[in-house]
Amino acid sequence: MTNYTNSSNIREFRYALRTEYHEYLDMAARRFPAADCLRIDLHCHDKNSDAPDILWGRILNLPETWLNTKKLVKCLEKNNCTALTITNHNNALSCWELKEDGVDILPGAEFTCYFPEYMLFVHVLAFGFTQEQELILNEKRQNIYDFLHYAHSQDIPVILAHPLYIYTRNNTIDLALFEKMAVLFQNFEVLNGQRDLWQNMLTLKWIQGLTAEKIFGYAHKHNLDPAYFGVNPEHPKNLTGGSDDHMGIFAGQSGSYLYVPNLKQRLKTTKPSQLVLEALCLGNIVPYGHVAENQKLNIALLDYFSQVVINIKDPGLLRILFHRGEVSDKAACFIISNVLLEIQKHKTTKKFFNFIHDSLRGKKLNKLVKWNIKKDYQFCIEYLEQVANSHKQSPDTFVKTVNALISELITQLSLLIIKRLNTSLAGLKDHKLESFSTAEITKKFEVPSQLTELLFGNKSNSDYNVPKLLGNLTFPLLVSLVLLGTTLASTRALYQNRHFLNEFANDIGAGHHPRRALHLTDTLRDKNGVSSSLSNKLKEIQRANLPIDFLICHPDAQTEPHLYVTQPLTSFTIPDFGEQEIHIPDLLKIVDIFYAGGYDRIICSTEGPMALVTLFIKHMFNVPAYFFMHTDWLEFIKETTNLAQHERDRLRRILRVFYKQFAGVFVLNEDHRDWLVGHQMQLDQNKVFLTAHHIQPRNPDIKPIRKSKLFEDADEDTPILLFASRLSQEKGIFDLPKVYYQVRKVIPDLRIVIAGSGPAEDELKKQLPEALYMGWLDKQQMCELYTSLDLHVFPSRFDTFGNIILESFVHGMPVIAYNCKGPKSIIQHGKSGFLVNDIEEMISHIIQFFSDSALREHMKEQAQQRSNDYQAEPIMAKFLENLELAKTYITTSA
């Protein structure tokens, strides 16, 4: 027996990080007497940071911020800074301007320096230089070694800013880089107000682990002289803090205390800026402030995007086309610029983003403006007023309140969109989504290549009249897009190097992020085979306490261990799907669960709304996403519609793009695996994993029911067939009447039991009225049938696996099925059942089965034996290995 023990609990992980980090800050605050400390934010920006490092910002010709210098200074002073500096990117223009106005300020800048051997950039804060030295520093920053040596030769103190946030387009970062950084720098920023707790803590643990012996060893290994860069390995590294604020919201809330002995007397003769420089050179510095995971950056980017909406100018098509960058970067910027410019044309939406900008600074709307707001949008104003009110509270309360309110605002806007979309759809030729068949949806799943038809509609083709469809969705839709984009971008920015962060944690032996997966599915507690299979998987996860949790969106299901349940925003059905409801989830609630649960990978089992949520989370958190393929949609469309081949090919191309988004795709049979890696789908064969469903052990308490209870004229020798599945065309149910009536010509006392329900039930009853229809049965009732009846007929050519086959086997019931996909991977022909090519063979083998009692007994034994090959433990162990989760657990034998 193999037992899996989860190596860490994420809540304990985050709690431990927070506790240890706060303990460090408390200890640092006690290092120097408060009365002799200057308080300064050594990392903040204003409008003169006009050339962003982010490629998309440069393509769109956007500055990093529009923040006025005086407003930044006001914010710093409001947050009790007793000395000032501004560290704009690659320039100290704001500092020089303030100096000319007679303001005492320490000249500073954040220089983007190039590591030539790694082809990447790091940010280095420098202070106390002259305007002439600034020019030379900008020349030298093209090579970090030249830059640092020059700074040392001129007594210019430097700090490595956010050491783990590195600017590179490479997929990998050589950890030897950090060995060199340990030799090159004496000062490190270990508290960055815009980074999350994990990254700040990793930086702190790394620096605390740097001994003189290590640094001398790195120097020798890389042929570097620490003294050449002003580094003394015998002296402890100096640790600093800064807000990294660009918007004037958090400036001064994080920063550094500079210790100046006898400060009160020194201030009588020396300016604060000179005292800061003196203390910085002496290493008399400690960080202060607090870290709020990704929430601060989310607020900062919300304010930034609000200002982008207000201030953006058309970057020009030629600028986008000819700028440096990949085609994907340029395409994304083209789309973004068009969305933002469209928002500018929509006055209500533009004003709303102006209100967001004001509310984040504590400014409320005047009553006249509120009176003019439409009733449907009043909730937006109420949320923004709460944001403005929270500005007066503590920084921590403000951050939590704003993020909670923005999340709720997105939810309410989503509900408004759904409400108005239903109204708009109802007005388009009285079409509602529920009225579309599968075939209609597949046919309409296309977008015209002619932009004028898409944007302005076509009188001869109203399917693509977007303005008519959207109608009054413009405001909630555009606002939601920007708010969701902000949420995605803020978290993506933090975790863009997630793989490297994991490697770094392993390298320093501290701060390991837990390894857990969140499994999303659109069905779990429903009446279908996929739901049944996933429920079995959940039971094993619960039994063994595996590092996977399920999440479903369902109005009635209840939360369980390893199962989250969220309420849907709305639900609807598609006719061909029978009883299966489609639930639209609250995206940000699932995002919150993913983050709070500390998951570092995500799985999806269905191609419905949860698939879109999965891809959003994948890009947001930069985590690997996996797909568990249960349904052959092309076969489903082929069996249930009359669509032409070119229309089915459209769906195949969509699925190809979809499946390629995942780090791995799990399939349940060899046919599917070969199809996915073949020329039609072209997936990487190393990313397609063959797996299986497992079966629950037989319940010894299940007792067979007497056949006479099913059919009055039957006895225990009466031959009875069983069909158990959803009653729909793709399940091959209309082969049953021919099979049954042909076999009865030879075996006249043959009976058949039909267990299940579905859209084709009435038609089947017309064609096969002699059958006993039992409807949808629970697990125990099905087990009673398996133990009581003789042979399971499985005429589906559609199923990718056939969990119902395993359920039959575990109770000793053989199965006859077509020789395709899932069944041929499970059934051993002539032993545990029969694999046939057509109806005639199926009829022939059923007759053979009931004509040979010895064969029947042999097959029952072989069926039960075959079920032993589908036990949970080995299947789940391989599943975990493919998810790269196996190393998280301790395996023991008993």
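The values are calculated or read from the model by the stated rules, or taken from the named source; none is laboratory data. Quantities reported herein were computed from a predicted structural model and do not represent experimental measurements. Don't worry about glycine lacking a Cβ; one is built from the backbone with ideal geometry, like all the others, and counts go over all protein chains shown. Remember, those area values only see protein heavy atoms, side chains included, never the ligands or the DNA or RNA. Shrake-Rupley method; radii C 1.70, N 1.55, O 1.52, S 1.80 Å.
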Report in % the part of the accessible area of the chain that belongs to carbon and sulfur, leaving out ligands and nucleic acids; probe 1.4 Å.
52 percent
Charge dipole of the range 9-118 about the Cα centre (unit charges at C-beta), most positive-ward option of Cys75, Thr87, Gly57:
Cys75
Can you compute the label reach from Glu77? Point 7 Å from Cα along the Cβ direction, backbone N cut-off under 20 Å, restricted to the range 96-114.
96-108
Count of Lys pairs (Cα-Cα under 28 Å; at least 8 positions apart or interchain) in the range 157-315
14
Find which of Ser390, Pro476, Gly608 sits farthest along the positive direction of the dipole of the chain, computed with +1 on the beta-carbon of Lys and Arg, -1 on that of Asp and Glu, about the Cα centre.
Ser390
Taking 0.36 nm per residue of sequence separation and subtracting the Cα-Cα distance, how much length would be gained by fully extending the chain between Asp838 and Gln142, in nm to one decimal?
243.3 nm
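Sorted by average packing, counted as other Cβ atoms within 10 angstrom per residue and highest first, what order do 184-192, 405-413 take?
On the way: 184-192: 25.4, 405-413: 18.8.
Ranking the peptides 184-192, 405-413 by packing returns 184-192, 405-413.
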Treating cross-link reach as a plain straight distance, find the aspartates and glutamates whose alpha-carbon is under 12 Å from the alpha-carbon of Lys350, omitting any fewer than eight places away in the same chain.
Glu342
Charged-residue dipole, Cβ positions (Lys, Arg, Asp, Glu), the chain about Cα centre, Debye nearest 20:
2100 debye
Peptides 777-783, 797-803 ordered by average Cβ neighbours within 10 Å, highest first
797-803, 777-783
Ranking Trp371, Trp198, Trp776 from most to least accessible area with a 1.4 Å probe gives Trp371, Trp776, Trp198
Please enumerate, by chain and number, the lysines with C-alpha under 17 Å from the C-alpha of Lys660, excluding those fewer than 8 residues away in the same chain.
Lys618, Lys687
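Excluding Ala557 itself, calculate the net charge of residues whose Cβ lies under 11 Å from the Cβ of Ala557, where each Lys or Arg counts +1 and each Asp or Glu counts -1.
Numbers: positive: Arg525; negative: Asp526, Asp556, Glu560.
So the surrounding residues net to -2.
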In Å and on Cα atoms, what radius of gyration and Dmax does the range 267-370 show?
21.5, 59
Could you tally the net charge around Glu408, taking each other residue with its Cβ under 13 Å from the Cβ of Glu408, Lys/Arg +1 and Asp/Glu -1?
-1
Tell me, what is the FRET efficiency for Glu100 and Val339 to the nearest 0.05, using R0 = 41 angstrom and their Cβ-Cβ distance as r?
0.50
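State in Å² the accessible area per residue of the range 521-625; use a 1.4 Å probe, count heavy atoms of protein chains only, and round to the nearest integer. Display every interim value, and only then the final one.
Working: 3430 Å² over 105 residues.
Here the residues of the range 521-625 average 33 Å² of exposed surface.
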Distance in nm between Ala510 and Lys363 label points, each 7 Å along Cα→Cβ, equals 4.4 nm
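What does the convex hull of the Cα atoms of the chain come to per residue, in Å³, rounded to a whole number?
Convex hull of Cα atoms, per residue: 196 Å³.
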Can you list residues from other chains, or at least 5 along the same chain, whose modelled amide H is less than 5 Å from the amide H of Leu67?
Lys47
Over the range 144-226, with the other protein chains present, what is the accessible area per residue in square angstrom, probe 1.4 angstrom?
35 Å²
Partner lysines whose C-alpha sits under 24 Å from that of Lys738, ignoring same-chain residues fewer than 8 away, are Lys638, Lys707, Lys765, Lys766, Lys821, Lys824
Total Lys pairs in the range 34-141 closer than 17 Å by alpha-carbon, pairs eight or more apart in sequence or interchain only?
8
Using a Debye calculation, one point per C-alpha and no hydration shell, please list log10 I(q)/I(0) for the range 728-793 at q = 0.13, 0.18, 0.19, 0.21 Å⁻¹ in order.
-0.37, -0.72, -0.80, -0.97
Simple SL model, points at 7 angstrom along Cα→Cβ for Phe658 and Phe379; separation in nm is 3.0 nm
Amide H neighbours of Tyr564 under 5 Å, at least 5 residues apart or on other chains, H built in the peptide plane: list them.
Phe550, Leu551, Ile552
Between Asp26 and Lys221, what is the spin-label point distance in nm, taking each point 7 Å from the Cα along the Cα→C-beta axis?
3.5 nm
Output the direction-averaged projected area (hull surface divided by four) of the convex hull of the alpha-carbon atoms of the range 108-212, in nm².
7.0 nm²
Can you show me the helix-derived [θ] at 222 nm for the chain, built from DSSP H runs with n ≥ 4 at -39,500 (n - 2.57) apiece and divided by the number of residues, rounded to the nearest 500.
-14000 deg cm²/dmol
